[in-house]
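Take a look at the structure set out below.
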Amino acid sequence: EKLRNQFLLLSPSINEGKKSFEALQRFIASSPLESDSIERASETVIAFSKNSNDLINNLTAIQNASISLGIDIETVSREFSSLSRTGIDGARELKRRNLEQFLGLQNGIKVSSEEITRLFLKKFGKGGEFENASDAFANTFAGASNRFRNSFKNIQESIAQAGLLDFFADLTNVFTNFIRNNPELLAKIIRDFTLGLIEGIKTFASFSSRL
């Protein structure tokens, strides 16, 4: 709920925020990385994404870079944000992992933050050289396990958004209040149930002894 509200606030409009959040859920459901780490990374990415399509394009490239470079996706998302503002010098971990070589840049040659961002998205995004990094990781045990958990979590969140969990929460509160306000009645119900159960066991035991 907190993440959903953040998307609504940071997006150009409420409607675009809803679309972006729904797109994120679909992305997570098919991702081979842990859902919690993707959600935390998305908090950074949504801040500089223009719309839901831009969000998914950015997350796709960041996820592929995370897998290809061996850096957690939260770190990559933060450094990609720095990369797009200040260039390679603002992304220390990506630079340490030889991002410049991955992008085909020669050492010592300075490029603008806009150009290096474009190259990053081209290399790790859809249609790029490393676009299949996520699919390759999904075929490992760790990737397949994460994907399974993510799909299950997505179902849970869909149920929650449909209001079913709220209904059961309200029902539980009604039942709890009833118990608190009617302790004598509850004690009688439990006593009658217990006595009935005992009589049932006695009857069954008597019947079994005659067989």
Checklist entry - What full-extension length gain, to one decimal in nm, is calculated for N5 and D170 as 0.36 nm per residue of separation minus the Cα-Cα distance? => result 57.2 nm
Checklist outcome for this item: Carbon/sulfur accessible area of segment 1-132, % of total, 1.4 Å probe, equals 46 percent
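Work out how much length E43 to F204 would gain on full extension: take 0.36 nm times their residue separation and subtract the Cα-Cα distance, in nm to one decimal.
Length gained, E43 through F204: 51.8 nm.
Using a 1.4 angstrom probe, figure out how much accessible area the chain has per residue, in square angstrom, rounded to the nearest whole.
That works out to 62 Å² per residue.
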Checklist entry - Whose amide H sits under 5 Å from the amide H of D72, counting only residues 5 or more places off or on another chain, with H placed in the peptide plane? => result none
Checklist outcome for this item: Rounded to the nearest 10 Å², the accessible area of K123 using a 1.4 Å probe with every protein chain kept is 40 Å²
Checklist entry - Gaussian network model of the chain, Cα springs within a sub-10 Å range: biggest mean-square fluctuation belongs to which of E114, E129, E184? => result E184
Checklist outcome for this item: Comparing N98, N132, N173 in a Gaussian network model of the chain (Cα, 10 Å), the one with the largest mean-square fluctuation is N173
Next on the checklist: If packing is taken as the average count of other Cβ atoms within 10 Å, what order do 57-66, 76-85 fall into, highest mean first?
Outcome noted: 57-66, 76-85
Item to check | For segment 33-142: span of alpha carbons on each principal axis (Å, largest first) | outcome: 40, 28, 24
Checklist outcome for this item: Cross-link reach from K50 to lysines, straight Cα distance under 23 Å and at least 8 residues apart if same chain, gives K2, K18, K19, K122, K123, K126
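Starting from the exponent 0.38 and prefactor 2.2 Å, build the expected Rg for the chain from its residue count and divide its actual Cα Rg by it. Before the final figure, lay out the partial values.
Details: Rg = 27.0 Å, N = 211, 2.2 N^0.38 = 16.8 Å.
This ratio for the chain stands at 1.60.
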Checklist entry - What FRET efficiency would be calculated for the residue pair N132, D72, taking the C-beta separation as r and a Förster radius of 25 Å, to the nearest 0.05? => result 0.80
Item to check | Hits among aspartates and glutamates - C-alpha to C-alpha of K95 under 14 Å, sequence gap 8 or more where chains match | outcome: E79
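The values are calculated or read from the model by the stated rules, or taken from the named source; none is laboratory data. Treat the numbers as computed from the prediction; the structure is a model and nothing was measured. A quick note on method: Cβ atoms are made from the backbone with ideal geometry, for glycine too, and the neighbour counts reach across all protein chains shown. When the accessible area is computed, the model is the full protein with side chains, heavy atoms only, and any ligands, DNA or RNA have been set aside. Shrake-Rupley method; radii C 1.70, N 1.55, O 1.52, S 1.80 Å.
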